[in-house]
Amino acid sequence: MKQVLMTGAAAFIAMLSTGARAESFHEQCREDISSFCSFVEPGDGRVVACLYAHTYELSEECYDATDEPARVLEGVFDRLTDVYHACESDIQDHCSDITASGGRLLTCLQSKEPELTAACGVEMQSFEVQVVQ
């Protein structure tokens with residue numbers, strides 16, 4: 001099974017989830033995680049993404065602790081939006097049978113690289129994607 005990772009965000013989330021930084025983050029956000037994200041299975045940045053979805057409801061302490069990861073996630077979401085808009089017709093033409101989750105559309109687009117429109121190809125090349133088995 002293939003999984004697509006955005007290298008910048010994945011590296012940052014991995015850094016956030018290990019060592020002293022993770023301890024500090026979880027301590028500062030313990031109540032917010034309990035209030036807003038208790039249903040989220042930890043791992044792969046899901047808790048950070050959940051907190052990001054509740055940005056305006058977070059305690060000041062947790063908001064400060066999530067500021068950097070939130071900026072990284074916002075950048076990733078912005079880039080994904082750019083890729084989607086540039087590749088919308090390519091998705092319809094080459095990947096319409098793919099379920100849009102878990103990076104499947106990005107993987108499909110990568111596999112169709114020679115057939116992509118110029119605009120989509122440019123966006124895909126500028127979007128740092130790493131495919132791992």
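Among A9, A14, which is under 14 Å from E68 (Cα atoms) and at pLDDT 50 or above?
Answer to the selection: A14.
Take the conditions at pLDDT 80 or above, assigned to a loop (DSSP other than H, G, I, E, B), hydroxyl-bearing (S, T, Y) and surrounded by fewer than 18 Cβ atoms within 10 Å (Cβ to Cβ) and apply them to T99. Does it pass?
So T99 passes the test.
Take the conditions polar (S, T, N, Q), modelled with pLDDT of 85 or more and in a loop (DSSP other than H, G, I, E, B) and apply them to S89. Does it pass?
no
Among the residues of the stretch 83-102, write down those that are closer than 17 Å to E113 by Cβ, under 19 Å from the mean Cα position of the chain (by Cα) and in contact (Cβ under 8 Å) with a residue 24 or more places away in the chain.
V83, A86, C87, listed by residue number.
Could you please find all residues in the stretch 35-75 being among the aromatic types (F, W, Y), part of a helix (DSSP H, G or I) and either loosely packed, with under 14 Cβ neighbours inside 10 Å or in contact (Cβ under 8 Å) with a residue 60 or more places away in the chain (or both)?
Y56
The values are calculated or read from the model by the stated rules, or taken from the named source; none is laboratory data. Remember, it's a predicted structure, so these values are computed and weren't measured experimentally. Using ideal geometry, Cβ is built from the backbone for each residue, glycine included, and neighbour counts are taken over all protein chains shown.
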